[in-house]
Amino acid sequence: MRETNWAGNQTFTAERILRPRTVEQVQDAVAGASAVKALGSGHCFNDIADCPGGVQLDLSALDVETELDAESATVTVPAAARYGDIAVQVHAAGFALANLASLPHCTVAGTVATATHGSGRRNRSLASAVSGVELVTADGELRTYERHDGVVVGLGALGVVTRLTLDLVPSFDLRQDVFDGLPWQSAYEHFDEIQDAGYSVSMFTNWARDSIDQVWIKGSGQPGPEFFGARAADGPRHPAHAAGVRADNCTRQLGVTGPWHERIPHFRLDFTPSVGNELQTEYFVPVRHAVAAIEALRGIGHRLAPVLLTSEIRTVAGDELWLSPFHGGDRIALHFTWRPEEDAVRTLLPLIEERLAPFGVRPHWGKLFHRAADYPKLADFRALAVELDPDGKFRSPFVRRHVFGGS
């Protein structure tokens, strides 16, 4: 029974945690509850997965098979399937998911519900691969939605997802190269070229040092020994290497080619990902403001660095999903992996959001933030939530605060 989230900074307050084995049991549990919430891997750092006094549903035991349709190039998976597990099956059939997050440990439904993403100038969030959603709504009815932009990033406010259908692409290989010490001026002057240098590109910094610590390039070409003033790494690197973390849990580097699912994530499925004992925050601003936003954060780098383990800069392609932070256009992602010092982190969040406010900032739904953003389709999402859940049994405190504007 899970009582806290992955980081241990949130203690769940649900009255009961149920582990249904069939979709019918999910329907019965939802219909009979006054407050209910699905529970994923727990890799969220706020109270989005909590259900005070209600019922949490752990779907990890759900008896639903993964079904791959080669003709339509789709795979239908149980909500609690982990990306790292289904990726192996998909690859064995000659297919791939277009992108993966840094951690392959998270459940598909939880990742999709919060618009979690990977990296890549032309790669959209993982939620954008969803072509079908099977959803148990408040009355216990099982509904199926196909390519509905309002249902995919649902924050748990619309019902309990039991299965999702994901679009696939042909399988492909990538290599991963890491470079040390990218000058800030190079990042400013060549930001677009740097982000276009691979299928996926990430830059890691603590915002206070004179250069960017590392650039990770996942692609098919050989970048060479020098990259805009950065030097090719002479061994494996961990994003939080400055905190003394070894690279053992990272995916293979040094230009060794391998299958997509063993290179796109930063961390290996069979190891504890990232640092482990950490907190996370992430903000998104339109790509056209990338350099200005980076400069704004560098201006407070001396405030951020003492609490940081590492910070990641990457880009994500836009989509039309109603509550996706990437709705309406490509965005730069500014990710913060913090030391487990929540009071210090929460003190910094309003400052970061103030610095990024001129650029139309939106926070990641599953991480720590101070204030949610407005979305062009927010009113439509509220109306859909009321239609599917008129009595508000899925309207957790998080949803009331950040979707309905309550306390």
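The values are calculated or read from the model by the stated rules, or taken from the named source; none is laboratory data. Please read all numbers here as calculations on a predicted model, not as lab measurements. Note that we place each Cβ from the backbone using ideal geometry, even for glycine, and neighbour counts take in every protein chain shown.
One residue alone among 201, 215 is touching a helix residue (DSSP H, G or I) at 6+ places or on another chain (Cβ under 6 Å) and within 23 Å of residue 290 (Cα to Cα), and that residue is 201. Kindly indicate the residue of region 158-184 that is of a type outside the set (Phe, Trp, Tyr) and assigned to a loop (DSSP other than H, G, I, E, B) and also nearest to residue 322 (Cα to Cα) among those meeting that condition. Per the stated criteria, the residue is 158. Candidates in region 314-347 are the residues that are of a type outside the set (A, V, I, L, M) and assigned to a helix (DSSP H, G or I); of these, the one that is farthest from residue 279 (Cα to Cα) is 347. One residue stands out in region 115-126 among those that are hydroxyl-bearing (Ser, Thr, Tyr) and out of contact with any helix residue (DSSP H, G or I) (no Cβ under 8 Å at 6 or more places or on another chain): the one that is surrounded by the fewest Cβ atoms within 10 Å (Cβ to Cβ), namely 119. For region 193-222, the set of residues classified as of a type in the set (Gly, Ala, Ser) and outside any loop (DSSP other than H, G, I, E, B) consists of 200, 202, 211, 219, listed by residue number.
Consider residue 108 carefully, then state whether it is closer than 22 Å to residue 266 by Cβ and either of a type in the set (Lys, Arg) or surrounded by 23 or more Cβ atoms within 10 Å (Cβ to Cβ) (or both). Here the answer is yes, as residue 108 does meet what is asked.
Across region 241-267, the number of residues qualifying as among the hydrophobic types (A, V, I, L, M, F, W, C) and assigned to a loop (DSSP other than H, G, I, E, B) comes to 5.
Residue 238 fulfils the conditions (1) within 28 Å of residue 288 (Cα to Cα); (2) not in a strand (DSSP E or B) except for a single criterion, (1).
Identify, please: which residue in region 98-123 is of a type in the set (Val, Ile, Thr) and assigned to a helix (DSSP H, G or I) and is, among those, nearest to residue 79 (Cα to Cα)? Filtering first and then ranking leaves 108.
Results for (1) on the phi > 0 side of the Ramachandran plot; (2) touching a Lys or Arg at 6+ places or on another chain (Cβ under 9 Å); (3) modelled with pLDDT of 80 or more, shown as yes or no for each residue.
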site: 243; (1), (2), (3): no, yes, no
site: 251; (1), (2), (3): no, yes, yes
site: 261; (1), (2), (3): no, no, yes
site: 272; (1), (2), (3): no, no, no
site: 281; (1), (2), (3): no, yes, yes
site: 284; (1), (2), (3): no, yes, yes
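In the set (1) at negative phi; (2) surrounded by 17 or more Cβ atoms within 10 Å (Cβ to Cβ), the condition left unmet by residue 159 is number (1). With respect to (1) buried (at least 16 other Cβ atoms within 10 Å of the Cβ); (2) in a loop (DSSP other than H, G, I, E, B), the lone exception for residue 270 is condition (1). Scanning region 371-400 for residues that are exposed (fewer than 15 other Cβ atoms within 10 Å of the Cβ) and in contact (Cβ under 8 Å) with a residue 24 or more places away in the chain turns up 376, 380, 390, 391.
Listed by first and then second residue, the pairs linking a residue in region 171-184 that is in contact (Cβ under 8 Å) with a residue 24 or more places away in the chain and closer than 22 Å to residue 100 by Cα to a residue that is among the basic types (Lys, Arg) and in a loop (DSSP other than H, G, I, E, B), with Cβ atoms under 8 Å apart and 6 or more places separating them unless they lie on different chains, are 173/263; 174/263; 175/263; 176/252; 176/263; 178/237. Could you tell me whether region 191-206 includes any residue that is among the aromatic types (Phe, Trp, Tyr), crowded, with 16+ Cβ neighbours inside 10 Å and under 22 Å from the mean Cα position of the chain (by Cα)? Yes. Somewhere in region 185-192, is a residue closer than 22 Å to residue 267 by Cα, out of contact with any Lys or Arg (no Cβ under 6 Å at 6 or more places or on another chain) and in a loop (DSSP other than H, G, I, E, B)? No - not one qualifying residue is present in region 185-192.
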